[in-house]
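Written below as C-alpha cells is the structure these notes are about.
We did not get these values from a lab; they are worked out from the coordinates using the rules stated. Remember, predicted model here, so these are calculated numbers, not experimental data. Note: ideal-geometry Cβ built from the backbone for every residue, glycine included; neighbour counts use all protein chains shown.
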Amino acid sequence: MVRRLLFTLAAFGLLVIAAPASTRADTGHVGMLGGVAVVDESGETQWRPHARTEIGFRLWGPFELGGFLQLTTLGFPMEMASFGGGLFVQLRPDTALFGFVPYLEGSGSRVTLPVADGRVDAWGVSAGGGLGYEVGAGVVIEARVLHHWYFDLPGNGPSGIGEVGVDGWSVTAGVTYRMP
C-alpha cells in the first residue's frame with residue numbers, strides 16, 4: 001500500500017515538473033525539513049529524529065496541494081529508519097507581515113513509527129502551521145509545528161510491541177524554494 005502511494009506521488013510530481021514552463025505561473029514549492037517527532041510510547045514521551053521532503057502545487061489563490069515523504073528514526077545514526085508519506089493542503093498567502101509569511105496545513109498520511117520493540121504502522125491526520133522568512137529570490141527558511149492523530153494502531157498484543165499514543169507532534173525547520 002505504501003509503495004503504491006509513493007509511486008503515485010513520484011509519478012504525479014514528474015508529470016507536473018515535466019509540464020512546459022509557459023503553462024505554469026507561480027507553480028508551488030519544494031521543501032526539505034528536519035526536526036523531531038514527539039511520540040507517546042507506553043506512557044512515556046519519546047523524541048524521535050524526523051525529516052520530511054515535500055512538493056506542493058498552487059491550485060487556486062493561496063491554496064496548494066502536494067505530497068510528502070517522511071523519515072522517522074529511533075535515534076542517530078539512522079537507527080531503525082521508518083518511512084511514511086501522504087498528501088497535504090496548505091494555505092500559503094503571498095503577503096508578508098514584517099517579512100514573515102505564515103501558513104496553515106492539513107494532511108493525511110500512512111506512517112511507520114519506530115518504537116523500542118519494533119515498528120508500528122498507522123494512518124495519520126495532521127493539522128498545524130508555520131512561519132517562513134524569504135532570505136532570497138524564492139528561498140524561504142521555515143519553522144513548523146504539526147499535531148498528528150494516529151488511527152488503526154495495534155495495542156499491546158501478541159506482537160509484543162508497546163502501546164503507542166493516539167496523537168503526537170512534530171517540530172521541524174528547513175528550507176523551501178518557491179518555484180516560479
(message) Spelling out what I want: for every residue of the stretch 42-47, take phi, set θ = phi - 60°, compute 6.51 cos²θ - 1.76 cosθ + 1.60 (Karplus), and round to whole Hz; glycine and proline get x.
(response) 6, x, 10, 6, 10, 9
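How large is the dipole of the stretch 55-175 about the Cα centre if only Lys and Arg carry +1 and Asp and Glu carry -1, each at its Cβ, rounded to the nearest 20 debye?
My answer is approximately 200 debye.
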(request) Provide the gained length on full extension for the span TRP149 to VAL135, in nm with one decimal, where the gain is 0.36 nm per separating residue minus the Cα-Cα distance. (result) 1.7 nm
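Grab the Cα-Cα distance for ARG119 and VAL166, subtract it from 0.36 nm times how many residues apart they are, and report the gain in nm with one decimal. Each step should come with its number before you reach the end.
On the way: separation 47, 0.36 × 47 = 16.92 nm, distance 1.50 nm.
Contour length minus the Cα-Cα distance gives 15.4 nm.
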(message) Explain nothing, just compute: Karplus ³J(HN,Hα) = 6.51 cos²θ - 1.76 cosθ + 1.60, θ = phi - 60°, for every residue of the stretch 144-149 in order, whole Hz, x for Gly and Pro.
(response) 9, 9, 10, 9, 10, 10
(request) Order by neighbour count: VAL38, VAL111, fewest other Cβ atoms within 10 Å first, most last. (result) VAL38, VAL111
(request) Can you put PHE98, PHE83 in order of Cβ neighbours within 10 angstrom, beginning with the fewest? (result) PHE98, PHE83
(request) Taking H placed 1.01 Å from N in the peptide plane, check which residues at least 5 places from GLY67 or on another chain put their amide H under 5 Å from its amide H. (result) ILE55, PHE88
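Where Rh is the Kirkwood radius over the Cα pairs of the stretch 39-180, the temperature 37 °C and the viscosity 0.692 mPa s, what D in µm²/s does Stokes-Einstein return? Walk me through the numbers on the way to the answer.
Values: Rh = 16.1 Å.
Roughly 203 µm²/s, to the nearest whole number.
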